[in-house]
Amino acid sequence: MQNKDQLLDKAHEILQLNLRAGFTVPTARLYPFQWNWDSGFVSMGWGHFNVAQAIRELETLFSGQWANGMLPHILFHSETETTYFPNHPFWESYRNPGAPQKPKSSGITQPPVHGFVLERLLAQHPQNTTLETFARAIWPKILHLHRFLYTHRDPEQEGLVFIYHPWESGRDNSPLWDAALRRIHLQPGMIPEYERQDNKIADPSERPTQADYDRYVYLLELGKKHAYEGPGIAAESPFLVQDTLFNALLIRSNESLMALGKRFGFDVRELERWQAKSIGHFREKLWNSALNMFVPFDLVQQEQIALREIGGFTALYAGIPDKRQADGMHQVLQSWQQRDFLLCPSFDPDAEAFDSRRYWRGPIWPQMNWLLYQGLVRYGFQETADIVRSDFLHLVDRLGFHEYFEPQKEIAATQTQGYGGGNFSWTAAAVADLLLAKNP
Ligand code: GLC
């Protein structure tokens, strides 16, 4: 491996390269705006180089928060940038009266990482009073986001919130969503005409198929029709899923908000009520004992989506699994590792839908390895955690700061670069934190 300093210099250089006015783009060409959960990880990365920018990153992100608490998955800070689809004229965020005029945004959200990112920033800089002042100011905004999720996205009051678009899961193209998407039968005229951009910039063999893209657009149109408000969507959407990763990160962020809230003297009783319900239902409703994994629940079909996939493992980071569940998931990881896979494939390598290079259908993702690493450490699986960390750092070292990577050892060994976009911001952030965090 190159030395640690070289990797850190490169990570810092990439964050600087991707820095725009107050926010950092995920990568320059493919994703030219501010993405919600990317910015969370990126803020954590900036924390190691420039705390002021870490703060600004989150401030800029929350400048796009809607009056109802929703935090959009994309903020279109530049209204003249046209190389992305779906762009702001397509989303029509103004349909919701609480959407800010500026920045224009999408109408869906992404996994709520902000609570734990904030706690982590403070843990790295315990003496920084500017950061503490900022944390006190942003805490209520993060709480407002969580309240939006529990009120708009949890009709049965189970403490498990739903997503209604694969893009809200953060794992856009995962095979998890295939069956639900295939149940959407599109007839001519059901969606407006549109022109994709992603497959012009990235290798089409690594991108979603056209039929799937049409369904993404259909679900977007459904959100638009209901002004992106929860109840109408819950009643009509053919895609309604209680996702593992989304709920695990919400629970992990609740935990951070509670810890910080107590420290700041804020009222945390609402959070405690959500948390008790969320953890209990997650543990029971999303556990699949045959797979030894947590899996998402499809609210339309009223059944689990019984597939092994990276999101289930993130329950470890949120402290959700009991010992038996944690051991079960750990065995799954060990079996993959012992059978020539680098950790961690984003989808079950034994499943039919596994595709080691198409995005979210198999490749290794930087931010997922970061989450998995933290979870394994939390449960005392230090040896496996170290593999998750070093497999990732070695990939970046050899194949560059890419968006995602090949998980099959033999194939990865012959490659000279990773997959998807290059000079990727959350890859840089994950490298920085894994190399520098005080409790790595
Ligand atoms: C892709 C990923 C999503 C991410 C975005 C920007 O759409 O699936 O999780 O936020 O790229 O990096």
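The values are calculated or read from the model by the stated rules, or taken from the named source; none is laboratory data. Values in this document were obtained by computation on a predicted structure and should not be read as measured data. Cβ coordinates were reconstructed from backbone atoms using ideal geometry, including for glycine residues, and neighbour counts include every protein chain displayed.
Annotations
- Cβ separations smaller than 8 Å between residues 6+ apart or across chains give the following pairs from segment 61-80 residues that are under 19 Å from residue 154 (Cα atoms) to residues that are at pLDDT below 95 and in a loop (DSSP other than H, G, I, E, B): 68/229.
- Exactly one residue out of 96, 128 is more than 22 Å from the chain's Cα centre (by Cα), under 22 Å from residue 166 (Cβ atoms), surrounded by 15 or more Cβ atoms within 10 Å (Cβ to Cβ) and of a type outside the set (Val, Ile, Thr): that is 96.
- Looking at 160, 186, just one residue is modelled with pLDDT under 95, of a type in the set (A, V, I, L, M), assigned to a loop (DSSP other than H, G, I, E, B) and in contact with a Lys or Arg (Cβ under 9 Å, 6 or more places away or on another chain), and that residue is 186.
- Within segment 188-202, if we keep just the residues that are free of Cβ contacts under 8 Å to residues at least 60 places away in the same chain and more than 17 Å from residue 220 (Cβ to Cβ), the residue that is surrounded by the fewest Cβ atoms within 10 Å (Cβ to Cβ) turns out to be 188.
- Residue count for segment 381-440 under the criterion of being away from the ligand (no atom under 16 Å from the Cβ), in a helix (DSSP H, G or I) and in contact with a strand residue (DSSP E or B) (Cβ under 6 Å, 6 or more places away or on another chain): the result is 1.
- The requirement of being more than 27 Å from residue 247 (Cβ to Cβ), modelled with pLDDT under 95 and assigned to a loop (DSSP other than H, G, I, E, B) is fulfilled somewhere in segment 85-98, by at least one residue.
- Among the residues of segment 335-365, those that are under 24 Å from residue 399 (Cα atoms), among the polar types (S, T, N, Q) and assigned to a helix (DSSP H, G or I) comprise 337, 338.
- Among the residues of this structure, residue 208 counts as one that is at pLDDT below 95 and either of a type in the set (D, E, K, R) or not in a helix (DSSP H, G or I) (or both).
Okay, residues lined up against (1) surrounded by fewer than 19 Cβ atoms within 10 Å (Cβ to Cβ); (2) small (Gly, Ala, Ser):
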site: 353; (1), (2): yes, yes
site: 373; (1), (2): no, no
site: 397; (1), (2): yes, no
site: 420; (1), (2): no, yes
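- Taking every residue in segment 421-436 that is at pLDDT below 95 and pairing it with any residue that is among the aromatic types (Phe, Trp, Tyr) and within 16 Å of the ligand (Cβ to nearest atom), at least 6 positions away or on another chain, the pairs with Cβ-Cβ distances below 8 Å are 421/31.
- Restricting attention to segment 16-56 and to residues that are within 9 Å of the ligand (Cβ to nearest atom) and assigned to a strand (DSSP E or B), the residue that is surrounded by the fewest Cβ atoms within 10 Å (Cβ to Cβ) turns out to be 31.
- Checking residue 238 against (1) more than 20 Å from the chain's Cα centre (by Cα); (2) farther than 21 Å from residue 154 by Cβ; (3) not in a helix (DSSP H, G or I), the condition it does not meet: (2)
- Evaluation of residue 73 against (1) within 16 Å of the chain's Cα centre (by Cα); (2) at positive phi (one fails), failing number: (2)
- Taken together, the residues in segment 152-177 that are away from the ligand (no atom under 16 Å from the Cβ), more than 14 Å from residue 71 (Cβ to Cβ) and surrounded by fewer than 22 Cβ atoms within 10 Å (Cβ to Cβ) amount to 5.
- Residues located in segment 164-182, provided they are outside any helix (DSSP H, G or I) and small (Gly, Ala, Ser): 170, 174
- The residues on offer are 373, 359, 379, and the sole one that is at pLDDT below 95, more than 18 Å from residue 413 (Cβ to Cβ) and not hydrophobic (A, V, I, L, M, F, W, C) is 359.
- Single residue of segment 218-233 satisfying the filter (under 22 Å from the mean Cα position of the chain (by Cα), part of a helix (DSSP H, G or I) and touching a residue at least 60 places away in the same chain (Cβ under 8 Å)) that is farthest from residue 183 (Cα to Cα): 230
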